[in-house]
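**Student:** Take this structure, written in structure tokens, and hold onto it; I'll ask about it next.
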Amino acid sequence: MCGANDWRLPTYVLVLVLSACGTDALLGPGAPQGIQGVVLIGPQCPVVSLDEPCPDLPYEVTIDVRVRGGDSVARVRSDADGMFRIGLNPGAYTLRPESGDPFPIATDQDVDVTAGEYSEVTVHFDTGIR
């Protein structure tokens, strides 16, 4: 995972605000806290060995950001490098990645945001390759 100084907000995030939500959880790009992470997809190969590794790849996808147990507050899209960042007020959130039908698929992920910090997450998508 990248360090705090590796985030370049203007190139790493596209946030689509859902204005009908009536919540103030979403903050602007200079927010002191929120969620940042990377989205990976794999496996890429049916067989992996030490001689022929087949690492997961970055994945560009939209993620619905929800107040845990509640409504959607925003949507964020990972970039071509799989990176995303969104400023949020402290609280409990659930990331709901847009999955395919049936693949690729990712499960919801609960994330807690603490004042003054960015919670780092890795969202894993399963390709279904076995």
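The values are calculated or read from the model by the stated rules, or taken from the named source; none is laboratory data. Just so we're clear, the structure is a prediction, and the values are computed from it rather than from any experiment. When we count neighbours, we look across all protein chains shown, and the Cβ atoms used for this are built from the backbone with ideal geometry, even at glycine. Keep in mind that these areas ignore ligands, DNA and RNA; they rest on the heavy atoms of the full protein, side chains included. Shrake-Rupley method; radii C 1.70, N 1.55, O 1.52, S 1.80 Å.
**Student:** Please label the shape of the range 26-84 as rounded, prolate or oblate, based on the square roots a ≥ b ≥ c of the eigenvalues of the alpha-carbon gyration tensor (a/c under 1.5 means rounded; beyond that, a/b larger than b/c means prolate, else oblate).
**Tutor:** prolate
**Student:** Still on this structure, I have one more. Starting at the first residue of the range 84-101, write each ³J(HN,Hα) from the Karplus equation 6.51 cos²θ - 1.76 cosθ + 1.60 with θ = phi - 60°, in whole Hz, x for Gly and Pro.
**Tutor:** Computed from phi, the couplings for the range 84-101 are 8, 7, 9, x, 9, 5, x, x, 9, 10, 10, 8, 10, x, 6, 9, x, 9 Hz.
**Student:** Of the GluC sites (Glu not before Pro) in the range 32-130, which ones lie in a loop per DSSP and count no more than 16 other C-beta atoms within 10 Å?
**Tutor:** In loop regions of the range 32-130 (DSSP not H, G, I, E or B), the sparsely surrounded GluC sites (Glu not before Pro) are Glu60, Glu98, Glu117.
**Student:** Please report, in debye to the nearest 20, how large the charge dipole of the range 48-130 is about its Cα centre when each Lys and Arg carries +1 at its beta carbon and each Asp and Glu carries -1 there.
**Tutor:** 340
**Student:** Heads up, I need the accessible area for Ile86: 1.4 angstrom probe, whole protein in place, Å², nearest 10.
**Tutor:** About 0 Å², rounded to the nearest 10.
**Student:** Calculate one ³J(HN,Hα) per residue across the range 44-59 by plugging θ = phi - 60° into the Karplus curve 6.51 cos²θ - 1.76 cosθ + 1.60, and present them in order as whole Hz with x for glycine and proline.
**Tutor:** The phi angles translate into 9, 10, x, 9, 10, 9, 5, 6, 9, x, 9, x, 4, 10, x, 9 Hz.
**Student:** Relative contact order of the range 17-100, please, whole-number percent, based on alpha carbon pairs below 8 angstrom and at least 6 residues apart.
**Tutor:** The value is 38 percent.
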